[in-house]
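Working notes, beginning with the structure itself.
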Amino acid sequence: MFEVIRIPAFKDNYIWLLRQGMQAVVVDPGDARPVLALLNREGWSLSAILITHHHADHQGGIASLKERYPVQVFGPASEPIYGLDRPLRGGETVRIEPFDLSWQVIAVPGHTLGHLAYYGAGRLFCGDTLFGGGCGRLFEGSPEQMADSLARLASLPDDTAVYCAHEYTEANLRFALAVEPGNRQLQRRVDEVAVARAKGLSTIPSTIATEKATNPFLRCTAPEVIAAARHHWPDALDEVAIFATLREWKNHF
Ligand code: ZN
Ligand code: FE
């Protein structure tokens with residue numbers, strides 16, 4: 001089994017480093033410097049790079065890492081990814097050395113059209129699709145695509161650890177509470193997250209169970225969420241319209 005190490009980058013990004021023995025794989029290295037610093041300090045070598053989508057804060061470090069290590073880059077086939085060696089579309093399983101397991105590649109269009117998530121060993125690396133208490137903005141995809149993508153992730157086992165790419169949980173939960181003030185589990189999570197953040201701790205990973213219970217974007221069929229969305233936009237009739245209303249509301253929250 002591998003260890004997952006959090007590498008903070010930029011203002012609120014997380015680069016995830018997966019380590020087994022002396023070998024490491026990184027997910028979404030937007031900046032090479034903190035990754036190289038950790039690898040050098042620990043004497044680990046880099047074996048592969050996984051990319052979820054094309055935004056610079058997720059792939060900006062590829063060039064420098066490839067200069068230093070002869071690694072393969074796995075990422076979305078339909079997006080401009082620097083040095084992409086293993087183009088993926090979702091629906092396939094891939095083996096990523098040195099890990100002795102098959103990763104499920106899941107297409108999750110919405111934030112971007114080619115966005116991928118990687119699932120293996122009970123862990124989900126989902127980039128900017130599902131966040132703690134929220135979801136990514138719709139830069140390229142439609143509300144329908146994003147709602148489908150989130151449903152695909154929500155169908156993973158409850159105890160799946162969710163490793164998203166940003167520490168947005170506290171702000172996301174402020175919005176969640178405006179949508180669903182009566183959700184007890186959400187109230188508890190708000191308190192826990194406030195305590196963690198006050199101590200400078202991370203709120204990631206979360207779990208699929210926690211997200212299903214508290215993330216409004218996964219709760220578009222909950223009566224209180226439906227009522228809040230319709231209060232905001234009375235024409236939000238079906239589930240996708242509820243989702244679209246929440247996403248739009250959050251953009252201006
Ligand atoms: Zn992004
Ligand atoms: Fe991002």
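The values are calculated or read from the model by the stated rules, or taken from the named source; none is laboratory data. This is a predicted model, so every value here is computed, not measured. Neighbour counts run over all protein chains shown; Cβ positions are idealised from the backbone, glycine included. When the accessible area is computed, the model is the full protein with side chains, heavy atoms only, and any ligands, DNA or RNA have been set aside. Shrake-Rupley method; radii C 1.70, N 1.55, O 1.52, S 1.80 Å.
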* Dimensionless Rg over Rh [the chain; C-alpha; Kirkwood] -> 0.98
* Structure fact -> Counting only DSSP loop positions in the range 1-85, the trypsin sites (Lys or Arg not before Pro) whose Cβ has at most 14 other Cβ atoms within 10 Å are LYS11
* Could you sort HIS55, HIS232 by accessible area so the largest value comes first, with the probe set to 1.4 Å? -> HIS232, HIS55
* Asked: Dipole magnitude of the chain about its Cα centre, charges +1 at Lys/Arg Cβ and -1 at Asp/Glu Cβ only, in debye to the nearest 20?
  -> 500
* Structure fact -> Judged on accessible area alone, 1.4 Å probe, highest first, THR210, THR129 line up as THR210, THR129
* Crossing angle, helix 169-179 versus the chain [Cα axis fit, 0-90 degrees, rounded to tens] -> 20
* Structure fact -> Of all chymotrypsin sites (Phe, Trp or Tyr not before Pro) in the range 138-215, the ones in DSSP coil with at most 14 other Cβ atoms within 10 Å are PHE139
* Let me have the relative contact order for the range 3-251, percent, based on Cα pairs under 8 Å that are six or more residues apart. => 13
* Where the Cα atoms of the range 1-50 are projected onto their three principal axes, how long is each span, largest first, in whole Å? -> 30, 20, 15
* Structure fact -> Interchain or sequence-distant (5+) residues whose placed amide H lies within less than 5 Å of the amide H of TYR168 are GLY132
* Give the whole-number value, in cubic angstrom per residue, of the convex hull volume spanned by the C-alpha atoms of the range 18-119. => 82
* To do: Take every Cα-Cα distance within the range 121-194, group them into 10 Å bins from 0 onward, and report for each bin the whole-number percent of pairs it holds.
  => 18, 45, 35, 2
* Asked: In degrees between 0 and 90, to the nearest 10, how far off the longest principal axis of the chain does helix 143-154 point, with axes built from Cα atoms?
  -> 70
* Asked: For the range 53-184, what mean projected area does the convex hull of the alpha carbons give, in nm²?
  -> 9.0
* **Relative contact order of the range 25-68, defined on C-alpha pairs under 8 angstrom at six or more residues apart (%)** => 55
* Asked: In the range 132-183, what trypsin sites (Lys or Arg not before Pro) fall in a loop by DSSP, with at most 10 other Cβ atoms inside 10 Å?
  -> none
* May I ask which residue of GLY75, SER102, ALA161 lies farthest towards the positive end of the charge dipole of the range 3-251, with charges of +1 (Lys, Arg) and -1 (Asp, Glu) on Cβ and the Cα centre as origin? => ALA161
* To do: Find out how many positive minus negative residues lie around ALA107, taking Lys and Arg as positive, Asp and Glu as negative, among other residues whose Cβ is under 12 Å from that of ALA107.
  => -1
